[in-house]
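Student: Pasting in a structure now, in structure tokens, and then I'll have a few things to ask.
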Amino acid sequence: MSSEQEEAAAPLRKLSCSKYFDALWFCYSPVHQMQQYYRLGALDNCSGKWSALYDCLMLKTKRASEVEEILETREKAKHHIWSFRSPKEAKVRWEELYRHLDKQE
């Protein structure tokens, strides 16, 4: 299969800004504002939510191929909670941490 056919076969993501709009709407709700005031002692100005909505709307103006490329780049740049290891690396790490438990028996 050529790369063009693979790109055509791969489904493009449907970009929806509704979750960003909902987050912004909730940000201005009294419930959220009182939570922030209780926890932090200040009201939330919701600038992060505005930025996320604006960014999503700007992505909507781009071509689908550009959007896919941007989203993939962002996904790769995200910090993962887990550290991925090969089976060999995992075995070495496991033995470092838990070898002492085998010696107790």
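Values quoted throughout were computed directly from the atomic coordinates according to the rules given, and no laboratory measurement underlies them. It should be emphasised that the depicted structure is a prediction, and the values quoted were computed from it without experimental measurement.
Student: Would you compute, from DSSP H runs of 4+ residues alone, the mean residue ellipticity of the chain at 222 nm, taking -39500 (n - 2.57) per run and dividing by the full residue count, rounded to the nearest 500?
Tutor: Helix contribution divided over all residues of the chain: -21500 deg cm²/dmol.
Student: Of [x] 1.70; [y] 1.40; [z] 1.75, which one was derived for Cα Rg over 2.2 N^0.38 Å from the structure shown?
Tutor: Label of the calculated value: [z].
Student: May I ask you to list, by number, the DSSP H helices of the chain whose Cα span along the axis is at least 18 Å and whose average Kyte-Doolittle hydropathy reaches -0.5 or more?
Tutor: Details: long enough: 47-60 (20 Å, 0.15); 64-77 (20 Å, -0.81); 87-103 (22 Å, -1.65).
Counting only whole DSSP H runs, the qualifying helices are 47-60.
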